[in-house]
Every structure is written in structure tokens, then in C-alpha cells.
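One structure below.
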Amino acid sequence: MTPLIAIAAEAAEQKSAEVTDWAGRLGWVAGLLLFIAFVYWLMRQGWKWRGSLQSDLPELPTAPEPTGEATLTLSGRYHGSTTAGQWLDRIVAHGLGTRSRVELRLTDAGIEVVRPGANDFFVPAAALREARLDKGIAGKVLAEGGLLVITWEHGGKPIDSGFRSDRAAEHTAWVEAINSMNPVTTTTEGIAR
């Protein structure tokens, strides 16, 4: 046999290595899925823990039956609530941390917040402190002035709630209307961070 034929015969006898190690690949996929599930569980536990820390916040008020004629209405998104002046300290108690679509109605009695798929609530006019245009609230950052932030008080705790209208030009009218209800207000745009 010539050396060339011997090399070809030897190469034909060798078995090629498997292209894919399925057991190893499935092990890595299972490990990755377990890691993702563990991280999700940790996030959920953190959300529950934050809610239990905020359990001193009383139940949210509901709208009285005759709320009166709506001065302004707004359709858009509710982005969450935080402790007033601390735009990253999200409040999750009583569903205030749940993002959702929103329908707002401003009346002489206050603001009716209707959230499909989440808890509706009412902000009495006496609880309103101010409104301003801002760029962010916990978990949501927009262009300067892209977010309507309404400051109100509930259970002795000042709260900032962030809303974004489907038509952002409406925000200024809301700021003016809410601030005219409360003569103490002095700011209309942004907060010092």
C-alpha cells in the first residue's frame, strides 16, 4: 500500500466528533432558565417587601357619587407614585406602583383617577398640593416637561403621582388648573434633584 492510500484508509476509519453535545447544551439552557426564574422571584419578593414597609399608608379614597362637572379630562398613562420630592422612592402599597392606562377627571371636588385593570382612586381637592411638568418618576424618564406630576397628601404623607397624556399639550392646562386650586404653589416645572 502506498502511503497516500494508507492515510486515506486511516482517515475513513476515524469517527468524526459529534457536532453538538445535546446534554451539555440542555444543561446550560436549564441553568439559564432557573437563574431567570430566581431573579424574577427575588424582584417579586422585593416588591412585596416594599409594600409591607408602606403598609402604614391608609386605603385610597374612592370618588364620591356626585363629583360634579369635569373641568378637565385627560386620557393617557399612569406611571406610578413616589414619595414627594424623591423621584426614585416608588410607592407600591394599594396598587400605586402599578402602571396602567388612565382617565383623569378634574372637578371642584378633586381628581378622579380611573385605571382599567388597576385600582381606581380619588384625590380630594383639599389633598392637592401642586402640579408641575417634570422629566421623570421612578422607572420612567422622558424629555423635559413630558410628564405631569401631581403632588398630593394622603395619610399625612406627601405623594407625587406621574401621568402622561396621549396629547402632551394638555399638561400645561392641568398644571395651571391644579395650581390655581391651591394658592400656596409656586413652581410649575421640575424639581431640584
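Every number here is computed from the coordinates shown, using simple stated rules; none is lab data. Only a predicted model underlies this, so the values are computations on that prediction, with no experimental measurement involved. Quick reminder, even Gly has a Cβ in these numbers, built from the backbone with ideal geometry, and neighbours come from all protein chains shown.
Please say if segment 52-193 is rounded, prolate or oblate, where rounded means a/c under 1.5 for a ≥ b ≥ c the square roots of the C-alpha gyration tensor eigenvalues, and otherwise the choice is prolate for a/b larger than b/c and oblate otherwise? Rounded, because the longest to shortest axis ratio a/c is under 1.5.
Roughly what would the spin-label model give for D166 and I36, points 7 Å off Cα along C-beta, in nm? Computed distance between label sites D166 and I36 equals 3.3 nm.
Residues whose amide H comes within less than 5 Å of that of R129, counting only those at least five positions distant or on another chain, are T151, W152, E153 (H built at 1.01 Å from N in the peptide plane). Rounded if a/c is under 1.5, else prolate if a/b is larger than b/c, else oblate: which is segment 84-140, with a ≥ b ≥ c the root eigenvalues of its Cα gyration tensor? In terms of gyration-tensor shape, oblate. Label positions at V29 and L72, each projected 7 Å from the Cα along the C-beta direction, are separated by 5.3 nm.
So for the pair T62, E103, with labels modelled 7 Å out along Cα→Cβ, what separation do we get in nm? A separation of 1.7 nm, rounded to one decimal place. Given the options T20, T107, T172, which has the most mean-square fluctuation in a GNM of the chain, springs set between C-alpha atoms less than 10 angstrom apart? Residue with maximal mean-square fluctuation among T20, T107, T172: T20. A full extension of the chain between R44 and L142 corresponds to an added length of 32.7 nm, given 0.36 nm per residue minus the alpha carbon distance. Other residues with beta-carbon under 11 Å from the beta-carbon of G68 carry, at +1 per Lys or Arg and -1 per Asp or Glu, a net charge of -3. Database remark: amide H of L72 closer than 5 angstrom to the amide H of L106 (H placed geometrically; neighbours at sequence offset of 5 or more, or on other chains; Pro and chain starts carry no H).
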